[in-house]
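**Student:** One structure follows; several queries about it will come next.
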Amino acid sequence: MTEHEGRGGASPSAVALIVARLYRQLAQASADDLNLTYAQLSALARIEQFGPIRLGELAAREQVSAPALTRTVRPLAAAGLIGKEADPADGRSFLVSIHEEGRALLERIRRERAELLARRMARLTPAQHAHLTAALPVLEQLLTEGPPPE
């Protein structure tokens, strides 16, 4: 058994530690990202993906409260990464959408992080690369909380 395995395979704490360390290294690879928090980068990516979007819908997608999301997006708007506009369907609400500066920032961050991973993956043996590729569907399954597979 390796240090990361328990009796039944990888322990949840070992998986969490490895994923957190990898994320931290990826975040550091794009450290010049206006010192945005994880929550801000996540919201910016969701706005890019689903925008223009109401803040309430964005909060639901981010699984946070509307007031928390308002605090999260305020610096994005101040930095010119997103904009607010009146919701044509409901004048009491507004929509947020990504600006070109926000889109360019996300593209740069993704490119820098992908370059780091590519350098790291280039050090893998063919067998290790095959194991990593085989693990991707399992890792993706961890992103959801659906019922266990049969």
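The values are calculated or read from the model by the stated rules, or taken from the named source; none is laboratory data. If you're wondering where the values come from, they're calculated on a predicted model, not measured in any experiment. When we count neighbours, we look across all protein chains shown, and the Cβ atoms used for this are built from the backbone with ideal geometry, even at glycine. Heads up: the accessible areas ignore ligands, DNA and RNA and are worked out on the full protein's heavy atoms, side chains in. Shrake-Rupley method; radii C 1.70, N 1.55, O 1.52, S 1.80 Å.
**Student:** In the range 40-74, which residue that is open to solvent by less than 40 Å² (accessible area, probe 1.4 Å) and in contact with a Ser or Thr (Cβ under 7 Å, 6 or more places away or on another chain) is modelled with the lowest pLDDT? Don't jump to the end; show me each part of the working.
**Tutor:** At the first step, the residues of the range 40-74 found to be open to solvent by less than 40 Å² (accessible area, probe 1.4 Å) are 40-45, 47, 51, 53, 55, 58-59, 62, 68-69, 72-73.
Imposing the further condition that a residue be in contact with a Ser or Thr (Cβ under 7 Å, 6 or more places away or on another chain) reduces the set to 40, 43, 47, 51, 55, 59, 62.
Numbers: Gln40: 95, Ala43: 97, Ile47: 98, Gly51: 90, Leu55: 93, Ala59: 96, Glu62: 95.
In this case the residue turns out to be Gly51.
**Student:** Can I ask one more? Of the residues in the range 112-138, how many are acidic (Asp, Glu) and either assigned to a loop (DSSP other than H, G, I, E, B) or closer than 19 Å to Ser42 by Cβ (or both)? Explain how you work it out, then say what you get.
**Tutor:** Taking the range 112-138 and keeping what is acidic (Asp, Glu), we get 112, 115.
Those still in the list that are either assigned to a loop (DSSP other than H, G, I, E, B) or closer than 19 Å to Ser42 by Cβ (or both) too: 112.
Residues in the range 112-138 being acidic (Asp, Glu) and either assigned to a loop (DSSP other than H, G, I, E, B) or closer than 19 Å to Ser42 by Cβ (or both): 1 in total.
**Student:** Sticking with this structure for a sec: Collect the residues in the range 90-127 that are open to solvent by 80 Å² or more (accessible area, probe 1.4 Å) and of a type in the set (Phe, Trp, Tyr), keeping them in residue-number order.
**Tutor:** If the condition is that a residue be open to solvent by 80 Å² or more (accessible area, probe 1.4 Å) and of a type in the set (Phe, Trp, Tyr), then no residue fits.
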